Each structure stands twice: as structure tokens, then as C-alpha cells.
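A short reminder: the numbers here are calculations on the coordinates, not readings from a lab. Here the structure is a predicted model, which means the values were calculated and not measured. Note that we place each Cβ from the backbone using ideal geometry, even for glycine, and neighbour counts take in every protein chain shown.
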Amino acid sequence: MKVKLVNFSQEPDRTVAAAARLCYSPKGSEQLWNGLDTDKAFKLIKKLKDMDHQSPFEHVNFTFTIDGVSRTLSHQLVRHRIASYSQKSQRYVSEDNFDYVIPPSIESDPNAKEQFIKAMSELNDSYRKLKKTVPKEDARYLLPNACETQLVATFNARSLFNFFRLRCCNRAQWEIRKLAKQMLYEVKEVAPVIFEKEGAQCDVDGTCPEGSKSCGKYKGVAKKEL
């Protein structure tokens, strides 16, 4: 898996703080940037989070390239609807000799891994043969969820809060959890104030929405990371 933040709103922390100022100030929107240094932006953003006033965070966007992930992951990712996605098309791009993702549980079991690789090879052969007689858009029906894909994804900060709280959770599926943690690392590099305390729900406020299925991390007992 390779995740890279390739574009983002300029001065994201100050942009959010300035947008928030507008809600409570009689000054013109252009004047709200004056004197808004990092320290003031930090205090205002902290206040916004304490108040759960999240709309100002919608004014900054972050665009990622995501490579080497499975179709299983992409099917989960697009459920986060307040985002924009572009994905490699299996209709137009040939998947001859496709790469695929092997889950850790299969990777660690020699017998399971052998069976898995054999199945991928057989599907690859069948795909190539079928593609000779039918369009790629129909041959792709043979392709597995393990098949690697590439995406470009754009989120605003508020949508990322939701994404991280759900997908950084120990209860999230292992691959999308790995993606979420890499994305969180990337945005913290460029917007440290906005994302200072973001992550799984228990990292944000010490609560857990999983109820009886909780991993126990918010009580100080975390499950082993996959």
C-alpha cells in the first residue's frame, strides 16, 4: 500500500480559523485573516472542537493518491460519500497478470497462502482466455476482490474526522484501518492543528461506539495491531 497527500488547501489551519471568525465577527471576510497567527488559529480551532462546531472544517480539502490496495478496500472506502473518488477502470484497463492483496491471516498460513495464490492464478488464466472472446467489461466479472486497484480521493477535513473515527478503530477491517492511519499521518504533516487529536473515536474523546464489541482500548487495554 502506498498513500501520498498530493494536494491540499493552502494554510488549512488559518483557513478554518478565519471561516470560524466570520460566524462571530462583524468584520468583512477579508479582514478576518489579519493578525491570525498560528497560536490564535490553534486556540480558535480548539474552541471549535470543544463546541462541536464543525462546519468551518469543510472549507479545507485534502487529495490523496492511493496505490496497491484491494477492491475489497475500495468498496468500503466509497461508502464515505462526502468525498470525491477516481479509480482505475477495469472496463478500459486490461487486468492481465493482475496484482493482488494477500490478507495477513492468509500470508501467515502456508497452506492457506498456497491455496490463495493458486486461485488467483486460475482466475488470471480464465480472465485472459475469456477476454479473447468477450469485451473487457464482461471479462472483469471474473476478477476477485483481492485485485489491486489505484485511486485518487479528495476529502474535506470534516469528512476526514468521521473517516478517521470509524476506520482508525481497532474494530475496522485491517486494510482500511492501515489506509486510514497512513492518511492521518499525511494530513498531520500539513495541518497539525486541525488533526492534532484525531484518530479513532476513543483517541478523540475516550468513548467507544462499539458497545459490547469494544476492543477495550479506551479502558487502556488494546488488542494487538494486525
If unit charges are put on Cβ atoms (+1 for Lys and Arg, -1 for Asp and Glu) and the dipole of the range 94-142 is taken about its Cα centre, the option from Tyr141, Ile117, Ser105 lying farthest towards the positive end turns out to be Tyr141
HN-Hα couplings for the range 145-151 via Karplus (6.51, -1.76, 1.60; θ = phi - 60°), in whole Hz with x for Gly/Pro, come out as 5, 6, 4, 5, 9, 10, 9
Plugging the Cβ-Cβ distance of Arg81 and Gln115 into 1/(1 + (r/R0)^6) at R0 = 35 Å yields, to the nearest 0.05, a FRET efficiency of 0.45
So for R0 = 25 Å, FRET eff. of Thr63-Arg171 from the Cβ-Cβ r, to 0.05, ends up at 0.35
If the chain between Phe42 and Asn145 were fully extended at 0.36 nm per residue, the gain over the current Cα-Cα distance would be 32.9 nm
With -39,500 (n - 2.57) per DSSP H segment of 4 or more residues and division by the full residue count of the chain, the 222 nm estimate, nearest 500 deg cm²/dmol, is -12500 deg cm²/dmol
As straight-line cross-link partners of Lys178, the qualifying lysines (C-alpha separation under 16 Å, not fewer than 8 residues apart within one chain) are Lys2, Lys4, Lys188, Lys223, Lys224
Computed over the chain, the relative contact order (Cα-Cα under 8 Å, seq sep at least six) in percent reads 25 percent
Exposure-ranked with fewest Cβ neighbours within 10 Å first, Phe64, Phe195 stand as Phe64, Phe195
Long-range amide H partners of Glu148, meaning residues 5 or more apart or on another chain whose placed amide H is closer than 5 Å, are Asp99, Tyr100, Val101
Expected unfolding gain across Val204-Asn97 under the 0.36 nm per residue rule, minus the alpha-carbon gap, is 34.3 nm
Shape call for the range 134-226, from the Cα gyration tensor axes a ≥ b ≥ c (a/c under 1.5 means rounded, otherwise prolate when a/b beats b/c, else oblate), comes out oblate
Going fewest to most other Cβ atoms within 10 Å around each Cβ, Ile106, Ile66, Ile82 line up as Ile82, Ile106, Ile66
Between Asn61 and residues 5 or more places away or on another chain, the pairs with built amide H atoms under 5 Å apart involve Ser9
Rounded to two decimals, the Rg over Rh value of the range 94-142 from Cα coordinates and the Kirkwood Rh reads 1.08
Which of Lys132, Lys88, Lys40 fluctuates most in a GNM of the chain (C-alpha springs under 10 Å)? That residue is Lys132
Contact order relative to length for the range 94-142, counting C-alpha pairs under 8 Å separated by 6 or more residues, stands in percent at 39 percent
A correct fewest-to-most ranking of Arg167, Arg91, Arg21 by other Cβ atoms within 10 Å would be Arg91, Arg21, Arg167
Charge tally for neighbours of Ala139 with beta carbon under 11 Å away, counting Lys, Arg as +1 and Asp, Glu as -1, is +3
In whole angstrom, largest first, the equivalent ellipsoid semi-axes that the Cα gyration tensor gives for the chain are 40, 23, 12
Under a Gaussian network model of the chain whose springs join Cα atoms within less than 10 Å, the largest fluctuation of Gly211, Gly199, Gly68 belongs to Gly211
